[in-house]
Amino acid sequence: MAKVKIKIVQCPYCNSTQFTTAFQSGYATVTGVERPLSGMKLYHKICLSCGSVVRSYVLDPEKLLKRKNRKYVTD
Ligand SMILES: [Zn+2]
């Protein structure tokens, strides 16, 4: 999980404060260049008012790295 807290309180496009979270999976996974067989869900924070994706992220970014290059996460 991320070590920093990111807080988005207002949509930069329409100034709405209502958001929901959705994710892409299946063919839309994110794959680390160091780990071609890894596949992670890509999450999006989406404005409920205008539908803009205000942030996209993965839950465990270090899992995209080779194990020896990780600082926080092991699996
Ligand atoms: Zn918006």
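The values are calculated or read from the model by the stated rules, or taken from the named source; none is laboratory data. Since the structure is predicted, the reported quantities are computational estimates derived from the model, not experimental observations. Heads up, the Cβs are rebuilt from the backbone with ideal geometry, glycines too, and the neighbour counts pull from every protein chain shown.
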- prompt: Would a scan of segment 8-16 turn up a residue that is surrounded by 12 or more Cβ atoms within 10 Å (Cβ to Cβ), outside any strand (DSSP E or B), small (G, A, S) and modelled with pLDDT under 95?
  reply: no
message: Quick check on segment 31-39. Is at least one of its residues part of a loop (DSSP other than H, G, I, E, B), within 16 Å of the ligand (Cβ to nearest atom) and either modelled with pLDDT under 85 or of a type in the set (A, V, I, L, M) (or both)?
response: no
- line: Result of the Cβ filter at 8 Å on segment 1-20, keeping first residues that are over 28 Å from L64 (Cβ atoms) and partners that are of a type in the set (A, V, I, L, M, F, W, C) and more than 9 Å from the ligand (Cβ to nearest atom), at least 6 apart or interchain, is T17/V9
message: Can you pull out every residue in segment 40-71 that is under 10 Å from the mean Cα position of the chain (by Cα), in a loop (DSSP other than H, G, I, E, B) and either farther than 24 Å from I8 by Cβ or among the aliphatic types (A, V, I, L, M) (or both)?
response: V58, L59
message: With the structure loaded, tell me whether V53 is away from the ligand (no atom under 16 Å from the Cβ) and of a type in the set (A, V, I, L, M, F, W, C) or whether it fails that test.
response: no
